[in-house]
1. Could you size up the charge dipole of the chain around its Cα centre, putting +1 on the beta carbon of Lys and Arg and -1 on that of Asp and Glu, and report it in debye to the nearest 20?
2. Could the peptides 12-18, 134-140, 229-235, 109-115 be put in order, highest first, of the mean number of other beta-carbon atoms found within 10 Å of their residues?
3. Could you work out the helix-only [θ] at 222 nm for the chain, with each DSSP H run of four or more residues adding -39,500 (n - 2.57) and the total divided by the number of residues, to the nearest 500 deg cm²/dmol?
4. Using modelled amide H (1.01 Å from N, peptide plane; none on Pro or chain starts), what sits under 5 Å from the amide H of residue 130, excluding residues fewer than 5 places away?
5. Size of the dipole of segment 1-81 about the Cα centre, Lys and Arg at +1 and Asp and Glu at -1 on the beta carbon, nothing else charged, in debye to 20?
6. Distance between the C-alpha centers of segment 180-232 and segment 1-80? Whole Å please.
7. Among 142, 165, 208, which residue has its Cα positioned farthest towards the positive end of the charge dipole of segment 125-236, with +1 placed on the Cβ of Lys and Arg, -1 on the Cβ of Asp and Glu, and the dipole taken about the Cα centre?
8. Which length gain, in nm to one decimal place, applies between residue 152 and residue 25 when the Cα-Cα distance is subtracted from 0.36 nm times their residue separation?
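The values are calculated or read from the model by the stated rules, or taken from the named source; none is laboratory data. Everything numeric here is computed off the predicted structure, so don't read it as measured data. Note that we place each Cβ from the backbone using ideal geometry, even for glycine, and neighbour counts take in every protein chain shown. Please note that ligands, DNA and RNA were not included when accessible areas were found on the heavy atoms of the full protein model with its side chains. Shrake-Rupley method; radii C 1.70, N 1.55, O 1.52, S 1.80 Å.
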Amino acid sequence: MVSRERTPVRTAVVREALESAIGSEPLDVVDLGGGTGGLAVRLAEAGHRVRVVDPSPDALAALARRADEVGLSVTGLQGDVTELVSVVGAGSADVLLCHGVLEVVEPEAALAAITEVLRPGALLSLVVGQRHAAVVARAMAGAFTQARDLLDDTAPLDPRTGRRYTRGEVEDLLAAAGLSVVEVQGVRVFTDLVPAALLDLEPGASAALLDLERAVAARAEYQPLATQLHVLARRS
């Protein structure tokens, strides 16, 4: 179970970078795989027009309840990345969020669909699991064979966690799809290594950890330690 004190630290770096990049002017936002709308509702509160595309009807029902509770309109659309263009329409998004999706789909086809949905100059916010940190995590758990297989990307695809990517692989995929990288951040560089009890019991620890995560997020030398990579890219 994720510590209550750990949760804001796990999400803040991505949320803050995204909010800074898109600004306050109302935009058309598509959240692919946005689930119950934790980020979508926040963006709607900021005045953006948000559509969430997700294959789960239960998640979309929870999204509707969450939006209703705060008196906001967020459109929930059932579908996955293979249906993205038909569900939301080509050239219909100023911003598209793809967080935790590229790990479990065919990446080239997914990015081609995403690029088709984006307007010229539009922004993609991509969050993917990062391979180097996954190798370390498996080794620390004693799963040495799994760590070795993942190191060379020869491990069978785990249906629960999916693929893991290096920064170079992500940048190559985006370039092939016609997307230009604007910014790369490491997400959860230290957070997943810190004992939950420390955050729960030590006053001020959560805030101090968040400050540290902000400080290292853009530093390339720490990104191989990050559980995830957050990449902002634009369609040309």
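1. On the way: 22 positive and 32 negative charges, 47 e Å.
Magnitude of the dipole: close to 220 debye.
2. Values: 12-18: 18.7, 134-140: 17.0, 229-235: 23.0, 109-115: 20.4.
Highest-to-lowest ranking by the protection proxy: 229-235, 109-115, 12-18, 134-140.
3. Numbers: 10 runs with 100 residues, N = 236.
Estimated from H runs of four or more residues: -12500 deg cm²/dmol.
4. Amide H to amide H, under 5 Å and 5 or more residues apart or across chains, residue 130 pairs with 165, 228, 229.
5. Values: 9 positive and 12 negative charges, 46 e Å.
Here segment 1-81 has a charge dipole of around 220 debye.
6. A separation of 21 Å, based on Cα centres.
7. Projecting each Cα onto the dipole axis, the largest value belongs to 165.
8. Numbers: separation 127, 0.36 × 127 = 45.72 nm, distance 4.37 nm.
My answer for the length gained is 41.3 nm.
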